[in-house]
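The structure under discussion is supplied below as structure tokens; questions concerning it will follow.
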Amino acid sequence: MGNCFSDVAGGRAAVGGSAAAASAAAGNDAVDHFLKSRGLYGSQIELSFSATNMRDRDVLSKSDPMLVGYTKGRDGTLTEAFRTEVVLNSLNPTWIAKHTITFQFEVVQTLVFHAYDVDTQFHNIDVKMLKLEEQQFLGEASCVLSEVVTRPSRSLTLDLVYREDPTIPGNPRRCGQLIVHAEECISSKTTTEMILKCSNLEQKDLFSRSDPFLLISKIVEAGLPIPVCKTEVLKNDNHPIWKPVFLSIQQVGSKENPLMIECFNFNSSGKHDLIGKVQKSLAELEKLHSSGEGEHLFLPTTVGHNYQNKVLKSQIFVENFSQSSRHTFLDYLTGGCELNFMVAIDFTASNGNPRLPDSLHYLDPSGRLNAYQRAIIEVGEVLQFYDSDKRFPAWGFGARPIDGPVSHCFNLNGSNNHCEVDGVQGIMIAYTSALYNVSLAGPTLFGPVISNAALIASQSLANGGRKYFVLLIITDGVVTDLQETKDAIVKASDLPLSILIVGVGGADFKEMEILDADKGDRLESSTGRVASRDIVQFIPLRDVQSGEISVVQELLAELPTQFLSYMRSRNIQPDI
């Protein structure tokens, strides 16, 4: 993926940052959203196209096909993305034109393709100027981008179909095949590794030394800094040496592109203090490393009506600088790795009577999804494409099955023998059925479901499976067995497992954030063992406005980084 994360051994104690990031007073808690919403965490994918056995619409020769590609929004609207050139007199064209798209793991990226036969009279016109309604329609096909990139060959063959009259229902006619091939751009793989350190940082805290972290941004044409990377926070340290930072050439543009490196003092409020900053390109940082010299930080200050840069005593040094080609998230998928989706649903009484409209579990007759259903759909519709058999373990907790004691991990499908259901729709059906077959109870315990998920992950690992597991826990309240949950998470941190916790309803989830190392220190078990990496992401579900990225998508966007941290820390190579 080329993501920047600063813990070679696994997870990272990440901090926030803002898109502006140039102001010391700015709240720096939105950098991840900024990056993800602009595709800066995604690999660049180059798509190429060919077709076979297309319809022949010409009388004296063969068709002259052109392909038009669209992206399909969640509301079904099509947005034109590209047009290929026209290939003359061919029913088996291979188009030269390529289309580059940013792969975003957290989004279902639906692509639609329309093929046209371009009439001879239009051959000298730029394809961008052609009126499609004046061309003969040859057929259409669609797919999801993740279906292409997860194929071992990264090629997907689609049936081109055609309806004589789109208003008449019925099966469309097949009219050839479209082959879509994906290649990950090399810039997604070329990575620079640096170890950065600072000396003599100014003390920003009253009774202790600073808690510094670095935010690295690339400078675009308008002078605006675009955040691309951040380090972990080092507590109480005025001479910090951060863990290795990884930057892909894709992220920064080129080795000569200017980068702004800002050093902040971490504050739990999210309003971090700017200690100082410096502007250098990767090429200049490489020279700093070669010389062994440091660069003084500066701090923008106001003198009267003018801005000046105050040079500080503090310096930044490049302890290590190297470039290499690193395996990406997509390399592992192509090499046969899978993501397996698991879900655990909170059935405690605090959700309210499911038969009443004010319940979080209320099944609206109009078909409007409740918060639990939304979370299942939003996560499941993304992860299902990375699981070949699409059989998902599904549990409930905090309820009393018919004629039984309260259970903190029961199979959602009601079976005593197996916990798996078929597909996302299977989860939805089992969830609905469970609401009529259990009595809501309590308390809210996470330990049992996390332990069950960890058991499945450990058994897969022991059997040589190349699978990474993702457990989604949806809950309406604060966990009761906090220490037991911490113990289970710390134990599971050595396994190929990530845990996504989505909070629904209006409860105060502040205490839940302690489970998410992005928002505090690495978790510690009751025996004093520290989690080997951060495997938990927590976020409260909220309604999103039109055009906004879903908070569940934000949550999913962390998964490729967690996946890579596990694989790289254990030196697991993809089979490619």
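Of the residues Thr120, Thr150, which single one is touching a helix residue (DSSP H, G or I) at 6+ places or on another chain (Cβ under 9 Å) and modelled with pLDDT under 95?
On the way: Thr120 fails: touching a helix residue (DSSP H, G or I) at 6+ places or on another chain (Cβ under 9 Å).
One residue alone meets the criteria, Thr150.
Open to solvent by 10 Å² or more (accessible area, probe 1.4 Å) and part of a helix (DSSP H, G or I) - does that describe any residue in the range 315-338?
yes
Hey, can you tell me all the residues within the range 189-204 that are on the phi < 0 side of the Ramachandran plot, in contact (Cβ under 8 Å) with a residue 60 or more places away in the chain and assigned to a loop (DSSP other than H, G, I, E, B)?
Result: Lys189, Leu201, Glu202, Lys204.
Please identify the pairs in which a residue from the range 483-495 that is in the same structural domain as Val470 (by the TED database) has its Cβ atom under 7 Å from the Cβ atom of a residue that is open to solvent by 50 Å² or more (accessible area, probe 1.4 Å) and in a helix (DSSP H, G or I), counting only partners at least 6 apart or on another chain.
If the second residue must be open to solvent by 50 Å² or more (accessible area, probe 1.4 Å) and in a helix (DSSP H, G or I), the pairs left are Ala488/Ser451; Leu495/Leu461.
Looking at (1) under 26 Å from the mean Cα position of the chain (by Cα); (2) assigned to a helix (DSSP H, G or I), can you tell me which one Arg151 breaks?
For Arg151, the failing item is (2).
Do we find that Lys128 is open to solvent by 40 Å² or more (accessible area, probe 1.4 Å), closer than 30 Å to Asp575 by Cα and at pLDDT 90 or above in this structure?
Details: open to solvent by 40 Å² or more (accessible area, probe 1.4 Å): yes; closer than 30 Å to Asp575 by Cα: no; at pLDDT 90 or above: yes.
So Lys128 fails the test.
Residue pairs, Cβ under 8 Å, 6 or more apart or interchain, first in the range 142-155 and closer than 9 Å to His181 by Cβ, second in a loop (DSSP other than H, G, I, E, B). List them.
As it stands, the answer is Val148/Arg154, since those pairs meet every condition given.
Scan the range 211-255 for residues that are part of a loop (DSSP other than H, G, I, E, B) and not aromatic (Phe, Trp, Tyr) and report the count.
Number satisfying all stated conditions: 21.
A further question follows. The conditions are (1) open to solvent by 10 Å² or more (accessible area, probe 1.4 Å); (2) in contact (Cβ under 8 Å) with a residue 40 or more places away in the chain, and Lys235 fails exactly one of them. Which is it?
(2)
Of everything in the range 194-224, what is open to solvent by 20 Å² or more (accessible area, probe 1.4 Å) and within 26 Å of Ser565 (Cβ to Cβ)? Give them in sequence order.
Of everything in the range 194-224, those that are open to solvent by 20 Å² or more (accessible area, probe 1.4 Å) and within 26 Å of Ser565 (Cβ to Cβ) turn out to be Ile195, Lys197, Asp211, Lys218.
Given the criteria among the hydroxyl-bearing types (Ser, Thr, Tyr), under 30 Å from His272 (Cα atoms) and open to solvent by less than 70 Å² (accessible area, probe 1.4 Å), does Thr150 qualify? Let's see the steps before the verdict.
Working: among the hydroxyl-bearing types (Ser, Thr, Tyr): yes; under 30 Å from His272 (Cα atoms): no; open to solvent by less than 70 Å² (accessible area, probe 1.4 Å): yes.
Taking the combined requirement at face value, the residue does not satisfy it.
Does Ile489 meet the test of being outside any loop (DSSP other than H, G, I, E, B), modelled with pLDDT of 85 or more and surrounded by 17 or more Cβ atoms within 10 Å (Cβ to Cβ)? Reasoning before the result, please.
Values: outside any loop (DSSP other than H, G, I, E, B): yes; modelled with pLDDT of 85 or more: yes; surrounded by 17 or more Cβ atoms within 10 Å (Cβ to Cβ): yes.
Considered against the rule, which asks whether it is outside any loop (DSSP other than H, G, I, E, B), modelled with pLDDT of 85 or more and surrounded by 17 or more Cβ atoms within 10 Å (Cβ to Cβ), Ile489 comes out as yes.
The values are calculated or read from the model by the stated rules, or taken from the named source; none is laboratory data. Just so it is clear, the model here is predicted, and its values are computed rather than measured. Here the Cβ is made from the backbone with ideal geometry for all residues, glycine too, and neighbour counts use every protein chain on show. The protein model used for the area step is the full one, side chains on, heavy atoms only, and it has no ligands, DNA or RNA in it. Shrake-Rupley method; radii C 1.70, N 1.55, O 1.52, S 1.80 Å.
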